[in-house]
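Just below is one structure, and these are the notes that go with it.
The values are calculated or read from the model by the stated rules, or taken from the named source; none is laboratory data. Fair warning: this is a prediction, and the values are worked out from it, not measured in the lab. Positions of Cβ are backbone-derived with ideal geometry, glycine not excepted, and every protein chain shown enters the neighbour counts. Side chains are part of the model used for accessible areas, which takes the heavy atoms of the whole protein and leaves out ligands, DNA and RNA. Shrake-Rupley method; radii C 1.70, N 1.55, O 1.52, S 1.80 Å.
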Amino acid sequence: MEFRDLSRQYTADRTQIDKAICSVIQSNRFISGPEVEQLEEKLADYTGVKHCITCANGTDALQLSLMAWKIGKEDAVFVPDFTFFSSGEVVSTVGALPVFVDVDESTFNISSEDLEKKIEQTYVQGKYKPKVIIAVDLFGQPANFIEINRIAKKYGLLVLEDGAQGFGGGIGEKKACSFGNIATTSFFPAKPLGCYGDGGAIFTDSDEWDTILRSLRVHGKGESKYDNIRIGMNSRLDTIQAAILLAKFQQFTERELEDSNKVASEYSLRLNRGVSVPEVCNGFYSSWAQYTIRMENKERRDGLQKLLKESNIPSIVYYQKPMHRQKAFGVHKYNEEDYPVTNSLCDRVLSLPFHPYMKKSEIELVCDMIDRFMKG
Ligand SMILES: *Cc1c(COP(=O)(O)O)cnc(C)c1O
């Protein structure tokens, strides 16, 4: 069994994908070909955001956004403590201070209460100026942007939605990647909408930021690539990846999102009695980047993972280490007691094999093994 079976997806739409790749090779327009713009229009339309700016990967998407806002040395950026490294890394890349915020046990997403507490603390300490909240749509479920946007407004902060795992999700009628002042996503192969390499995108309603971001991704270009008006990056989405995404987009919206939600429901129905299954809030829709259960403690979690492994069932611990404990952020001082929920989750979470092409019999097999562990 694969953890995320990408071959089945390819098999399901092979003709379209092969055709898309070949046509880019034949056109020789490997960089900034017409497919890039077509994809940007499609994604902007889907998310309901005015501008979509594609780039080389989800990490660059975050970094470019902070660069567009000129976030730097004296600024504080609030980031959930339970996330993939990139969400915090980019803050340090631009020279600002990452202030890690604890998360909610049941959604894995940034805690509104702790966010407000950390903002207040930062103001009191007076060393760094609170500027941005990076809220992550972890495992596919959008963060609580109703609360986050209220807090941002109260303190005059900008919101950056890290939708790397959230593309396709939503709250009510609104789609993920439309909730921040700027939102970003990743097309890393294993993300809900993945390409066949690295890729990313930025979303914003602001014409001004759109112009700056398009400049920043091509060496800070002005009139042309050889007229450089700011320090930028080289961060474009390859035309081949754009063509692949265009080919895959249809099955993503027409089938895969729904099928992922069916797989998640089946898991939850089957597992509900033994382990803590992921919870999706009322009115929220998840794109299910991961299906993550919680066990009572580390010993039990590690025990379950071992038993699954012995039966050739892959599982992964997302994430093993809280951000505040990563050595890379070691120059800053974080208090261990500030992160009770993240510290506990890192010991107890386990992500199960998950993708929209999972068969009922495979879900059964995983659940049977979990049942056996719970009884044994
Ligand atoms: C994957 C991921 C990123 C980074 O995306 P890349 O395309 O791999 O650079 C950022 N944030 C989160 C939450 C992610 O899961």
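Once phi is turned into θ = phi - 60°, what whole-Hz ³J(HN,Hα) does the Karplus curve with 6.51, -1.76 and 1.60 give for every residue of segment 239-251, x standing for Gly and Pro?
Karplus values, whole Hz, x for Gly and Pro: 4, 4, 5, 4, 5, 4, 5, 4, 5, 7, 4, 4, 5.
If you build a Gaussian network model of the chain, linking Cα atoms that sit under 10 Å apart, which residue out of Thr11, Thr342, Thr211 swings the most?
Evaluated over the chain, the most mobile residue of the options is Thr11.
Per residue, how much accessible area does segment 5-148 show when a 1.4 Å probe rolls over the protein heavy atoms, in square angstrom?
Solvent-accessible surface per residue comes out at 41 Å².
Residue by residue through segment 252-265, which ³J(HN,Hα) values in whole Hz follow from phi under the Karplus form 6.51 cos²θ - 1.76 cosθ + 1.60 (θ = phi - 60°), with glycine and proline marked x?
4, 7, 7, 10, 5, 4, 5, 5, 4, 5, 5, 4, 4, 4
Applying the Karplus parametrisation 6.51 cos²θ - 1.76 cosθ + 1.60 with θ = phi - 60° to the phi angles of segment 364-373, what ³J(HN,Hα) value in whole Hz is obtained for each residue in order, glycine and proline being reported as x?
Per residue, the Karplus-derived 3J(HN,Hα) values read 4, 4, 4, 5, 4, 5, 5, 4, 4, 5 Hz.
Given only helices, namely DSSP H runs of n ≥ 4 each adding -39500 (n - 2.57), what is the per-residue ellipticity at 222 nm of the chain, to the nearest 500 deg cm²/dmol?
Helices in the chain give a 222 nm mean residue ellipticity of -13000 deg cm²/dmol.
Count the DSSP beta bridges whose two residues both fall in the chain, then state the antiparallel fraction as a percent rounded to the nearest 5.
Bridges in the chain are about 60 percent antiparallel.
When N is the residue count of the chain, what does its C-alpha Rg come to as a fraction of 2.2 N^0.38 Å?
For the chain, the normalised Cα radius of gyration is 0.99.
Which FRET efficiency value, to the nearest 0.05, do you get for Glu37 and Asp371 by plugging their Cβ-Cβ distance into 1/(1 + (r/R0)^6) with R0 = 51 Å?
0.50
Accessible area per residue, 1.4 Å probe, Å², for segment 150-207: what's the number?
32 Å²
Probe radius 1.4 Å, ligands and nucleic acids ignored: give me the carbon and sulfur share of the accessible area of the chain as a rounded percent.
50 percent
Could you pull out the trypsin sites (Lys or Arg not before Pro) across segment 84-127 that fall in loop regions by DSSP (anything but H, G, I, E, B) with no more than 10 other Cβ atoms inside 10 Å?
Of the trypsin sites (Lys or Arg not before Pro), the ones in loops of segment 84-127 whose Cβ has at most 10 other Cβ atoms within 10 Å are Lys127.
What number, in percent, do you get for the relative contact order of the chain if the mean sequence gap of Cα pairs under 8 Å and at least 6 apart is divided by its residue count?
Relative contact order comes out at 22 percent.
Taking 0.36 nm per intervening residue step and subtracting the Cα-Cα distance, what contour gain separates Thr253 from Glu223 on full extension?
My answer for the length gained is 7.2 nm.
Which residue, Gln63, Gln305, Gln38, tops the fluctuation ranking in a GNM of the chain built on C-alpha contacts under 10 Å?
Of the options given, Gln38 has the highest mean-square fluctuation.
Who wins for biggest fluctuation among Asp198, Asp210, Asp227 in a Gaussian network model of the chain, springs between alpha carbons below 10 Å?
With Cα springs under 10 Å in the chain, the top fluctuation among Asp198, Asp210, Asp227 is at Asp227.
Out of the trypsin sites (Lys or Arg not before Pro) in segment 38-82, which ones are loop residues according to DSSP with at most 11 other C-beta atoms within 10 Å?
Here the sparse-neighbourhood loop sites are Lys70, Lys73.
Order of 140-149, 107-116, 366-375 by packing, highest average Cβ count within 10 Å first?
Per-residue mean Cβ counts within 10 Å order the peptides as 140-149, 107-116, 366-375.
At most 16 other Cβ atoms within 10 Å and a DSSP loop assignment: could you name the trypsin sites (Lys or Arg not before Pro) in segment 182-249 that fit?
When the trypsin sites (Lys or Arg not before Pro) of segment 182-249 are filtered for loop state and at most 16 Cβ neighbours within 10 Å, Lys225, Arg230 remain.
Pull up all non-local amide H partners of Ser276: gap of 5 or more, or a different chain, and H-to-H distance under 5 Å with H placed in the peptide plane.
Distant-sequence amide H within range of Ser276: Arg294.
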